[in-house]
Amino acid sequence: MEPKFTELKDKVIVVTGGGGVLCSALAESLARQGAKLAIMDLNLDAAKAVATKIIENGGNAIGVKANVLKKESLQEAHREIFEKLGSCDILINGAGGNHPKGTTSKTHLFEEDLKAGEDLKTFFDLDYDSIQFVFNLNFLGTLLPTQIFAKDMIGKKGCSIINISSMNAFTPLTKIPAYSGAKAAVSNFTQWLAVHFSKVDIRVNALAPGFFLTEQNRSLLTNENGELTARGNVIIDHTPMGRFGEPEDLEGTLLWLCSNGSKFVTGVVVPIDGGFSSFSGV
């Protein structure tokens with residue numbers, strides 16, 4: 001039986017990027033605790049699909065379209081959520097992602113790579129606009145929704161913000177410098193916000209997932225036949241638990257950070273990685 005966090009009942013919880021694999025699972029978990037969910041996503045159909053599933057399972061949710069990089073869009077979403085559910089109590093900043101043009105082809109640079117032609121993308125070929133997109137989506141996509149929704153929390157009790165960082169914020173992963181740097185910014189911002197909001201009773205923490213299969217990374221980690229790619233095998237070999245994370249592996253930590261059980265916890269970034277960060281590789 002799933003544990004009950006009665007203090008979450010009727011809380012208004014806004015989830016950005018809520019149409020994705022991981023954030024939809026987080027939203028469903030919170031809905032089972034009796035919270036009222038606003039599923040925000042750039043893709044309205046995806047947001048509504050998650051909301052519909054929650055409603056069919058007896059929960060309370062709405063799907064809302066919003067672009068986390070546009071303040072006007074967030075303000076419009078805020079108005080809709082306030083009218084339909086009330087003011088925000090908990091914000092989950094789940095929107096984020098990478099871009100292939102902010103990624104290198106190989107782990108290491110060799111001199112001969114500079115003569116390899118267009119098929120090989122080195123550090124020197126990283127695209128400015130794509131790098132900027134990744135930083136904006138992950139960092140500004142956390143900052144801007146917080147500016148809009150955290151105002152609702154002032155003067156209330158039991159309010160918190162949960163950001164989504166990553167294990168590559170602690171130690172950068174090879175090939176993805178833009179994404180690693182952007183998630184490191186999210187972790188740093190989490191700590192900054194925790195201090196900034198500490199006197200108005202808003203706690204700010206972050207989840208740092210290890211390797212979870214999502215639509216964004218599935219083709220990088222698995223082949224069409226379901227077998228692991230070379231990169232996928234390296235990851236599993238360096239994850240002591242020997243598997244990828246499942247969406248439900250995030251739920252217990254999320255519920256703890258949203259509930260009274262963590263009422264003296266703020267400014268932490270919690271690894272949920274199957275031991276990946278503890279393993280030296282030897």
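The values are calculated or read from the model by the stated rules, or taken from the named source; none is laboratory data. What you see is a predicted model, and the numbers here were worked out from it, not measured in a lab. Cβ sites come from the backbone with ideal geometry, for glycine too, and all protein chains shown count toward neighbours.
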(request) Consider only pairs whose beta carbons are under 7 Å apart and that are at least six residues apart or on different chains; among these, list those whose first residue lies in the stretch 24-41 and is surrounded by fewer than 24 Cβ atoms within 10 Å (Cβ to Cβ) and whose second residue is in a loop (DSSP other than H, G, I, E, B) and modelled with pLDDT under 95. (result) Arg32/Glu2; Gln33/Lys4; Gln33/Phe5
(message) Being surrounded by fewer than 24 Cβ atoms within 10 Å (Cβ to Cβ) and within 15 Å of the chain's Cα centre (by Cα) is the filter here; which residues of the stretch 158-167 pass it?
(response) Ile162, Met167
(message) From the list Glu7, Glu72, exactly one residue is of a type in the set (Asp, Glu), assigned to a helix (DSSP H, G or I) and more than 17 Å from Cys88 (Cα to Cα). Which is it?
(response) Glu72
(message) What are the pairs with Cβ atoms under 9 angstrom where one residue, in the stretch 200-222, is under 30 Å from Lys151 (Cα atoms) and the other, located anywhere, is part of a loop (DSSP other than H, G, I, E, B) and among the aromatic types (Phe, Trp, Tyr)? Sequence gap at least six, or different chains.
(response) Arg203/Phe197; Arg203/Phe264; Val204/Phe197; Ala208/Phe170
(message) Taking the criterion of being assigned to a helix (DSSP H, G or I) and buried (at least 20 other Cβ atoms within 10 Å of the Cβ), would at least one residue in the stretch 195-215 satisfy it?
(response) no
(request) Confirm whether Gly102 is under 30 Å from Asn168 (Cβ atoms), in contact with a Cys (Cβ under 7 Å, 6 or more places away or on another chain) and crowded, with 23+ Cβ neighbours inside 10 Å. (result) no
(request) Identify the single condition in (1) surrounded by 15 or more Cβ atoms within 10 Å (Cβ to Cβ); (2) more than 25 Å from Ile39 (Cβ to Cβ); (3) out of contact with any strand residue (DSSP E or B) (no Cβ under 9 Å at 6 or more places or on another chain); (4) of a type outside the set (S, T, N, Q) that Gly155 does not satisfy, given that it satisfies every other one. (result) (1)
(message) Residues that are out of contact with any Cys (no Cβ under 8 Å at 6 or more places or on another chain), part of a loop (DSSP other than H, G, I, E, B), under 24 Å from Lys9 (Cβ atoms) and not aromatic (Phe, Trp, Tyr): does the stretch 157-172 have at least one?
(response) yes
